[in-house]
Each structure stands twice: as structure tokens, then as C-alpha cells.
Protein chains: 2
Amino acid sequence: MTIPTARRRASIADVARIAGVSVGTVSNVLNRPERVLPATRERVEVAIEQLAFVRNGSARQLRAGTITTVGAIVLDLSNPFFTDVVRGIEHRLELDSYTAMVASSDDDPAREHRYLRLFEEHGVLGVMVVPATDEISHLLTLRERGVGVVLLDRPSPVPDLSSVAVDDVLGGELAARHLLEQGHTRITFLNGPHYIRQCADRHAGVVRALEAAGLDPAEALVEVTVPELNADGGEAGIRTLLERGDRPSAVFCVNDLTALGALRTLRREGISVPDDVALVGYDDVTFAAELATPLTSVRQPTHQLGERAADLLLRPPGSPAEQVVFEPELVVRESSTRAA
Amino acid sequence: MTIPTARRRASIADVARIAGVSVGTVSNVLNRPERVLPATRERVEVAIEQLAFVRNGSARQLRAGTITTVGAIVLDLSNPFFTDVVRGIEHRLELDSYTAMVASSDDDPAREHRYLRLFEEHGVLGVMVVPATDEISHLLTLRERGVGVVLLDRPSPVPDLSSVAVDDVLGGELAARHLLEQGHTRITFLNGPHYIRQCADRHAGVVRALEAAGLDPAEALVEVTVPELNADGGEAGIRTLLERGDRPSAVFCVNDLTALGALRTLRREGISVPDDVALVGYDDVTFAAELATPLTSVRQPTHQLGERAADLLLRPPGSPAEQVVFEPELVVRESSTRAA
DNA sequence: TCGCCGTGCTGAAACGGTTCATAATGTAAC
DNA sequence: GTTACATTATGAACCGTTTCAGCACGGCGA
């Protein structure tokens, strides 16, 4: 058992003493080396090395107010969508030597508040948040207190708050239009509840595509609400359909996990994808292309989403707010294209 | 365009003035409310509310030395294995109201160093690190300076450094033994290069299983080194085999992504899994169970890995170092069990 | 010789909390 | 009425930096 040496960390004063200079000079060596004579600088650097001196970030920040840290809160770090967004954020921050504190709220507003408070106490420059609920007044008051705020994956409801989102209506439209182009005249949509903005928007997109094709959504669209937005939800959705005796020809799933469950269940029932049923997912997760039947999916520019959010946050204070909306892209694979 | 109010954040002195008490009393309200008369406390709380006062974490930490932040560095946040580990860490930290700063090093030692320095400057209690290389002397010196260190997913090479890892030798053995029990007498192993510890260990496990079964590894084991540890690597591995005219009956893949590529390629060549070839993966990623042919895989206790690491880090200083090694578990699914 | 200027360094104030010795006040015991 | 003690509140010292007014010194022009 080793007793950790509880020896106090070396301070700038210790360095100054060893080097035979004043604390001000040590600080200059650290922050404006050009103001210090090379000979003096050398002595200070040797002392720093010798003491293994590491600046105390708290004192530094307290005095200088300098902040190179930002916060990011996403709903779920185990969802590839959000981890990709975070990668984009980190990527952009690195350019300016900023660093991110990352946390997941797990859809829990209380956790979101806890992390926001922590970030604020640590004096972050700003935060990027995927809000757990539609209630964002706390983010507005946070901003009033001087903390930068950028909404992630959610368009801002007020014009003076920056946000970065993806056009989910367009995403739904792309998916539906593709299926219509494949000759289908009736689309089954395995969707989540409409109080989730993404679900409502994607639904609106499907409706738009149907109307553009001269079809009546009341007839041409069958919407099935799945209990969960994952593979089990997809399985349940397909079973519901089959039990009603409704055998779809084209299925659009609100995300790839749901599509995965649908695919599995259709197969087990002896229904071939894409020969009997065309299937389209959403998110284009990494394994979508790797399935036995590669999955057609709507890809969102996750990396750019994060990069742009960080970009907006790092702009000089006083810059006008911006609402950025990215366009999703359809990636066509085997699951929706009947073999020639 | 809104001009952000550059108004200074309210300080504890402001609160004291408004409430008509001293700064010490405000501090007591915040930290030891039971020492303050309810009436006084009330007045202070009203003032806090009124000023929207938020403690300055830097000043707090500078003076009190109190630290409730820890750092975690993993190789790649977009790998589900690591995100699950991080979830475990967060889960454990939450019990004691600690918070984690998370970063990914991308296998880059320079990034690892940069984040470690940042964490140290911010006075973290300790760090949990999946080291990017075998070189860990910087972690030892970091610990000498009073920062807690726990190695993640890597057994410690020195006895007085704590670590949390999974027994990869056992994992390899479990996979191989399972295939042998299915009646196979020759195992093909799609593996990565042995300088990656996990690959070398899993190989050793396979050898152990073969020897235990009385087989000569020189004959019963065919190892194919794949160019990448992902689906393309798996595809390449299978193609190499088939081009040599070697049609395996049992394939063990070093991870699930590799297995995915192998599965896809075998299928395309008209080789059935599991009827013609038994297939086993490693990691038990979320979609392993969701494939058209659900994949047998070696599951690692990722969540526990993270929880335990955080646990070790939070122990009182001076606690003896511990090397924790978890046991992996085989999850048998269709891909390796020939239909009866 | 004197005054002026630029360079390099010094040392103390300030940042915003926590902590602790001390003061003020009230209560109980004798 | 005095002493002893518990309860609350006070305010100054302190944490380790950055910043900045000012000092020492040497060189230069008049």
C-alpha cells in the first residue's frame, strides 16, 4: 500500500523562489514569453521543469476570467447519432484549443438542470444543449446571465437564440418520395408519438410527399405508432399490422433501430425484403449498410451538426443569433429497391 | 441583434449586502445551512433568488480544494463499447454527486496528453484512462503529483496502480471452446495484429481451448490477420480464405463488426450461417442480436467496467491499489448453433 | 552633466469564495 | 448578580493566479 504523497502542488511562488525571480516574471514566462529576457526565461523554465509545476486552472480562471471550456448536453451518449454530433463538436473546438465537458441528460430535465448548473459554476463560455423537453425558459435565463447557448438538434422557438437542426420534414418527404418513385401507392409509417418533434415533422414530410404525388394521405398513408423507438418497437409495429391482416408493400420506419426490428420480423414471417416489402429507415447508423439486406436510410449530417453548433458558440459575443437547418440526404440501398 | 449584458455576475458579497448579513453567513447558508437561524437563512435565500446568484466554482475550488470532478479519456466515443463504459462511469459518479469530463483521444498520444494536462489544471480528483499506447510513465508521474489514476480496459503493469480490465484470454477461450463443443475440430480466427493487446490475448485464449481439448494448435487453428477491425476487414478475411480454397467450418471474429462483414460475405457466396459455417463474434454490440442471423458473441461487462473504475477512483486516498479483472460471458445465438 | 526614454523586472492588489478565531447575545446554574 | 456555556454572526486571512503601476538601469541626445 502506497501512501500518496500529500505534498502540496508547486505554485508559481515556488517556481519564482527557485528561479530567483518574482511571481510576475514567472507569469510572464507562461503567458507572454517575449517580454522576458531569454536568460531569465531559461532559468524559470528549468525551475518549472524541476518542480513539475502545473498551473492551477481555478486560480487562473478566477483572476483572468479566461474561459476555454464549453459544455455539451445530449440526450443519450449511447445513441450513435449523438456521439457523432459530439465528435463534430470536439473537432471544431480543437481548432481553437477549446475543450468540451460532455454529459448526457437521459431525457431527464433534472439531470439537464444539474449539469447546466455545474457548467455555469465552472464558468463555461457557453453550452450546447439538446433539450430534454420543449420547456427552454431556463436556457433563456442562463443566457441572460452571460452564458452562451446553442440549441442542438432542435430549431429555436425564439429568433434571438441560435440553433442547429436538421430538416425532419424534408427527411420524411425524401423517404416517402423515394418509395412512391419505386411504384408504391400506399406507405406504411412505423412512427413514434407526435409529441416528439422529430416524429411529428417526419410525418408531415410523408404527407407532403403523398400530396405532391396527387394521393390522399387519408388513404395512402397507414401510420402505426410503435411503443418504443427501437428494434422491439419495430417488431411490435409489424406484428400489429400482420394481425390486422394488413400486409404492407412499403414501410418507412422512424429510425434505423425500428427498421431493424421490422426487417427481422418480416423475415421471420417469410416476407422478403425488398421483393415483397420495401423498407426505409432513418439515421443511417453505421451498421445500416452492413445488414444482410443493406438498409435504405435517411442520413443526417451529424458531424456538421456538431461542428456548426460549436462554431456558433465560439463566435464573438454580440454576434447575431442564427438558426441553421441542415438538409438530410437519402441513401438508397437494397432494402427498398426490388431486384431488376 | 441582442447585445449580451456584460453585467458582472453577482458575487457572494452582493448577496450579503442585499440580505444585510456578512459574507461568512452567506457561505454558511450555502454550505452548512443548519448553522444559520431559519429567519436569517430565509433572508439570504431570497437575496440569492433575487440576484440569480450562482457560485463561482473556480473561487470555490481554489480556496476549498474541494473537487467533485473527475476526468475520463477513452479511445473512441463512437465505439459502443466505450460509450457503455462511460455510462457506467457516470452512473457510479452520480451516486456521490461527482461529475465527469469525458474526452476521446482517438488513439492519439498527443491528444491524450493534452486532455490530461487540462484535467490536471482544473484540479480533477483523478482520471480514468484507456491509454493510447503501452507507454504509461506519464500516468505514473501524474499520480505522483496527487492525481488519482485508474487504467481502463487495460491491466496495470505495476502493482500499485489500479486498473479495471476484462479477461480477454478467457474471452477467446470461451468462444473457441463453444465452437469445439459444437463438434468442430478446426477453428478459423479472423484476428487483428498481435501488438494490440486484446488480439494477442484472445489468440492465447483460443490456443488454450484447443490444447485443453487435446488438439494441436498448429493444425487446428487457422489465423487470418485482417487489415482493419471492422466489417471491411471481415469481408477481406473471408475472401482471403476462399481464394486459398479454404472453406472453414467454424469462424471466430475478433469483434462483432468483423463478424458482420464475414457474415455478409459468406452469405453472398451462398454459404449458409450457421448450416455451413458457425460464426462467433466479440463485444455483443446492440445489434448483434438483431441481425437476420443473430450473432453468437462474447459479452464484456462494459457498464460494470465503468462503474468499478469510478468506484476505485472515489475511494479514500491511501487505499491500496487494486487490479480488477472481469470475466466475459458467451452469449449463444443462432449463428453458431446448427439447427437440430 | 543632465534629462528622457525604453526595457526588464518587481511586488502588491484583485478575483470570489471558504474557514476560523472572535465577538455578541441569550440561557442556565449557582 | 455572577459565571459558564451554547448559539449565531462577523470579518479578515487565505487559496494561486494575472495584471499593472512603478522602479532600476543603461543608453542617447542636447
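The values are calculated or read from the model by the stated rules, or taken from the named source; none is laboratory data. The shown structure was predicted, so the numbers you read here are calculated from the model rather than taken from an experiment. Don't worry about glycine lacking a Cβ; one is built from the backbone with ideal geometry, like all the others, and counts go over all protein chains shown. Side chains included, ligands, DNA and RNA excluded: accessible areas come from the protein's heavy atoms. Shrake-Rupley method; radii C 1.70, N 1.55, O 1.52, S 1.80 Å.
Observations
- Stretchable slack from residue A:204 to residue A:91, in nm (0.36 nm times residue separation minus alpha-carbon distance): 37.4 nm
- Electrostatic dipole magnitude of the protein assembly as shown [Cβ: Lys, Arg +1; Asp, Glu -1; Cα centre; debye, to 20]: 3040 debye
- The other copies place their residue A:242 label points at 3.0 nm from this one, listed shortest first, where each point is 7 Å from Cα along Cα→Cβ.
- Taking the label point 7 Å along Cα→Cβ, residue A:317 and its counterparts in the other copies are spaced 3.5 nm apart, in ascending order.
- Each Lys or Arg adds one and each Asp or Glu takes one away; over the other residues whose Cβ falls under 12 Å from the Cβ of residue B:50, this sums to -1.
- Nearest-20 debye value, the stretch A:12-64 charge dipole, Cβ charges on Lys, Arg, Asp, Glu: 240 debye
- Heavy atoms of residue A:196: accessible area, 1.4 Å probe, square angstrom to 10: 50 Å²
- Sequence-distant residues sharing a close amide H with residue A:222 (under 5 Å, placed H): A:187, A:188, A:189
- Between the stretch A:17-43 and the stretch A:86-102, the alpha-carbon center distance in angstrom: 31 Å
- In chain B, the DSSP-assigned H stretches of four residues or longer account for a calculated mean residue ellipticity at 222 nm of -13500 deg cm²/dmol, using -39500 (n - 2.57) per stretch and the full residue count as denominator.
- Charge dipole (the protein assembly as shown, unit charges on Cβ, about Cα centre) - positive-most of B:240, B:292, B:31: B:31
- Taking Cα atoms only, the orientation of helix A:197-212 departs from the longest principal axis of chain A by about 40 degrees.
- Gain upon complete extension [residue A:228, residue A:68; 0.36 nm per residue less C-alpha separation]: 53.7 nm
- Helix A:80-95 and the longest principal axis of the Cα set of chain A meet at an angle near 30°.
- Cα-centred dipole magnitude for chain A, charges only on beta-carbon of K, R (+1) and D, E (-1), debye, nearest 20: 1820 debye
- Given a 1.4 Å probe and the protein chains as shown, residue B:101 ends up with an accessible area of around 10 Å².
- The loop-placed GluC sites (Glu not before Pro) in the stretch A:126-177, going by DSSP, that have at most 14 neighbouring Cβ atoms within 10 Å of their Cβ come out as A:135.
- Net +/- balance of residues flanking residue A:186 in space, Cβ distance below 15 Å, scoring K and R +1, D and E -1: -4
- Sparse-neighbourhood loop sites, trypsin sites (Lys or Arg not before Pro) in the stretch B:1-96 - DSSP loop, at most 13 other Cβ within 10 angstrom: B:7, B:8
- Principal-axis tilt of helix A:256-268 within chain A, Cα atoms, nearest 10 degrees: 40 degrees
- Within chain A, percent of DSSP bridges classed antiparallel, to nearest 5: 10 percent
- Evaluated over the Cα positions of the protein assembly as shown, the convex hull gives a direction-averaged projected area, one quarter of its surface, of 36.6 nm².
- Label-point spacing at residue B:22 relative to the other copies reads 3.3 nm, in ascending order, each point sitting 7 Å out from Cα along Cα→Cβ.
- Calculated FRET efficiency for the pair residue B:194/residue B:113, C-beta based, R₀ 22 Å, to 0.05: 0.25
- Positive minus negative residues near residue A:11 (Lys, Arg vs Asp, Glu; Cβ under 10 Å): +3
- Among beta bridges identified by DSSP and lying wholly in the protein assembly as shown, the antiparallel ones come to about 10 percent.
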